[in-house]
1. Take the residues in region 97-113 that are out of contact with any Ser or Thr (no Cβ under 9 Å at 6 or more places or on another chain) and buried (at least 17 other Cβ atoms within 10 Å of the Cβ), then tell me which one is nearest to Ser149 (Cα to Cα).
2. Kindly state which strands (runs of 3 or more DSSP E) lie completely within region 91-141 and contain at least 1 residues that are within 19 Å of Gly157 (Cα to Cα) and more than 20 Å from the chain's Cα centre (by Cα).
3. Regarding Asp172, is this residue part of a loop (DSSP other than H, G, I, E, B), within 14 Å of the chain's Cα centre (by Cα) and among the acidic types (Asp, Glu)?
4. Identify all residues within region 216-242 that are farther than 14 Å from Leu184 by Cα and either outside any helix (DSSP H, G or I) or at pLDDT below 95 (or both); write none if there are none.
5. List pairs: first residue in region 117-141 and within 18 Å of Leu184 (Cβ to Cβ), second residue surrounded by fewer than 17 Cβ atoms within 10 Å (Cβ to Cβ) and modelled with pLDDT of 95 or more anywhere in the structure, Cβ distance under 7 angstrom, at least six positions apart or on different chains.
6. Looking only at residues in region 220-233 that are buried (at least 24 other Cβ atoms within 10 Å of the Cβ) and in contact with a Ser or Thr (Cβ under 9 Å, 6 or more places away or on another chain), which one is farthest from Asn250 (Cα to Cα)?
7. Based on this model, can you work out whether Ala166 counts as closer than 30 Å to Ser261 by Cβ and in a helix (DSSP H, G or I)?
Amino acid sequence: MRKGWPSCSGATPSCVSGTACTLSTMPYPPRLTVVCLGSGSAGNCTAIDADGTLMLVDCGFSARETASRMHAAGLDPARVRAILLTHEHSDHVRGIDVFLRRHAPGCAVHATAATLAAAGLDQRADTSKVRAGRPFDVGGARVTAFRISHDAADPVGYRIEVGDEAFGLATDCGVLTAEAADALTGCTVLGLEFNHDVTMLERGPYPYHLKRRILSAHGHLSNDDASAALETLAHTRLRHVIAMHRSRTNNTVELAKAALSGTLRRLGHPAVAEVAAQTFVRPCVPMNRG
């Protein structure tokens, strides 16, 4: 069962094997590093070191847990310059107040006006309103928000660029809109939602209304949905794809990895495939590794 996918101008639907560099063969020094601190309904937080500027996308764990996971990855919470919020659901904003107070008091919080209001953050002096399609700078990185389809006030995904490298993140979206597909085109690394296996969801323990929500255009991407999106987004510059926001009830690591790897294999694409974890930090994903 697949939802419809838009055509994306400039996207290459398939790549010839060998035409894209793998992570282990890139010849120049690191400029962008991605660390998934955890992804799923129990909490979401991704750290990005962009040419020395450290930022987080979401802060959905407690402040203590977020700091602990950062330390485990060799990252200093006091270095965080910005937190980019995708939307106001608790698994994305749970720890932000205490984290800012204890670890990063000078950090700016970037989100849409509706997200800030829905999260109760709109009265803070350290917030910055984001508008989809209007880039802004965080240190040496260029950040662009794009609208996604989810049942939240004004949810967005992010594209973070440093030089020729770009990390694109799209989770918590029932369908990948044309705007999102366009924003994700040309990324060297993708964090894409592989939330559920449709058969597991339909046969699983969730109540009917929750199943309908997850399967709706404002819910979450299934493995099949994400695979179809990847066919649109795959191109010669793509080097790493991370399956994110996997349901522990309605999906497995094996099913998500099979869907992701199978799509890349079918396209003859050499990108590295990985499934983000909920309970422990995934290894860093370095761009431009020498």
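The values are calculated or read from the model by the stated rules, or taken from the named source; none is laboratory data. If you're wondering where the values come from, they're calculated on a predicted model, not measured in any experiment. A quick note on method: Cβ atoms are made from the backbone with ideal geometry, for glycine too, and the neighbour counts reach across all protein chains shown.
1. Thr112
2. In region 91-141, 127-129 are the strands (runs of 3 or more DSSP E) which contain 1 or more residues that are within 19 Å of Gly157 (Cα to Cα) and more than 20 Å from the chain's Cα centre (by Cα).
3. yes
4. Selection gives Ser216, Ala217, His218, Gly219, His220, Leu221, Ser222.
5. Pro135/Arg142
6. Leu233
7. no
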